[in-house]
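First the structure, in the form of structure tokens, and then the observations on it.
Quick note: the coordinates plus some simple rules give every number you see, no bench work behind them. Here the structure is a predicted model, which is why all the values come from computation and not from measurement. Glycine also receives a Cβ, built like all others from the backbone with ideal geometry; neighbour counts cover every protein chain displayed.
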Amino acid sequence: MKKTVKTVFFALLSSAIIAVAVWGSGIIFAMFRPGQVEIPLTVKLEPPEQIPAGNDILMDFQATVPENRSIISAELENAPDTVIVMPLEGKREKWQWNKSIWHFSALFRALKPGEIPEGKVKIIISPQKKGGENEVFNVAVPAFSSVIPNSEKPGNELELSGAMPESHQSYPAFKKHLSKYKYIYAAAIILLFAIIVFVIRKLKKMNTVPELSCWEAALAALEALHIEIRHGDILPAAGYNILMDILRNYLELRFDLPASRQTTAEFIPELTRSDSPLPEKYRMLLSSFLSNVDLIRFAKAPADLEKLDEAVRQLCGFVSATVPEDGTDDFKGVSR
């Protein structure tokens, strides 16, 4: 199960890295090969010819804007004797690596019949270079003829129900950028989250202190003591104290004996009782070993580093011989 999860995780991570690499190459292409601003001179009107006064007139046009620039604002400046019904709206229709194609549209009406003069759409685009000036483009709304509807008498102004006041539509660069890259940013956030989780798990694994079994801890401590003895960096009395601590700790963890909570005199009966967890062949040997060590520690029996080293080797043999056959600890382990 863990292997499958790990495989899926690395597959997702690889896919995300490839996606970000493709996206990044596209962004670099857009930076070094930006598109051109393409804005028409005039807008289209629908219907295109004579329009009955009071009827909605649709105007629309397309504008191409490079990806490294943004539309700051777009405003319809309607001609006299007209009213805006639906404010100018802009919507991105197509997106390419280095440019976006926007579609703008609005609805307006003529207030009275006759020749309606030209209006315009004013578009402000961010500068090509940082610190430069915004660029202004004017798109002409063609003049047209407004005719009297068949149901109306000449000379009457029309009441235009549903007409709305002119509204200024702006397109902040930040909103445009987020809208344009929302899916890419979502993929990048997912990738970043996956990388953070992966790094945290790796760091956790690196910082986790491996747990040693009680026999591994005992053998490591005995090896360290042997090195000190060989280099003459320890006195015999101090060495025997360390040796006894190692032995008591091992017996308590390996065989669940109260070695560290009793004196030698109290503890020896625990070793030799019939139901002792210690193997029978080691009971008398350990009893004798403990008694001899106590004579050196407390009765000032003669001792030197050579005898201490011999005791270390004996204890190493005992620990190695009592390691479980399956290699697992019957009781708790010891941290490094």
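Taking 0.36 nm per residue of sequence separation and removing the Cα-Cα distance, the L203/E280 pair yields an extension gain of 23.1 nm. The amide H of G114, built 1.01 Å from its N in the peptide plane, has S146, V147 as neighbours under 5 Å, considering only residues 5 or more places off or on other chains. Between amide H atoms placed 1.01 Å from N, distances below 5 Å from N55 occur with A110, all of them 5 or more places distant or on a separate chain. Descending by average beta-carbon neighbour count within 10 Å, the peptides 309-315, 186-192 line up as 309-315, 186-192, the highest first. If you plug the beta carbon distance of N138 and Y185 into 1/(1 + (r/R0)^6) with R0 = 41 Å, you get a FRET efficiency near 0.75.
Note on E266 and H231: with the Förster distance fixed at 41 Å, the Cβ-Cβ geometry gives a FRET efficiency of about 0.70. Within the shell defined by Cβ-Cβ distances under 13 Å, the residues around S320 carry a net charge of -1, with Lys and Arg each +1 and Asp and Glu each -1. Pairs with C-alpha atoms separated by more than 29 Å, drawn from the list K91/K129; K281/K307; K44/K99; K44/K112; K91/K120; K182/K204, are K182/K204. Our estimate of slack between E77 and A224, defined as 0.36 nm per intervening residue step minus the Cα-Cα distance, is 44.0 nm. All other residues whose Cβ lies under 10 angstrom from that of P258 are scored, Lys and Arg at +1 and Asp and Glu at -1, for a net of -2. Along its three principal directions, the equivalent ellipsoid of the range 206-255 from the Cα gyration tensor extends over semi-axes of 23, 16, 7 Å, largest first. Given R₀ = 56 Å, what would the calculated FRET efficiency be for K112 paired with L192, taking r from the Cβ atoms and rounding to 0.05? Once rounded, the FRET efficiency stands at 0.40. Fully extending the segment from I17 to S288 would add 90.9 nm, taking 0.36 nm per residue of separation and subtracting the current Cα-Cα distance.
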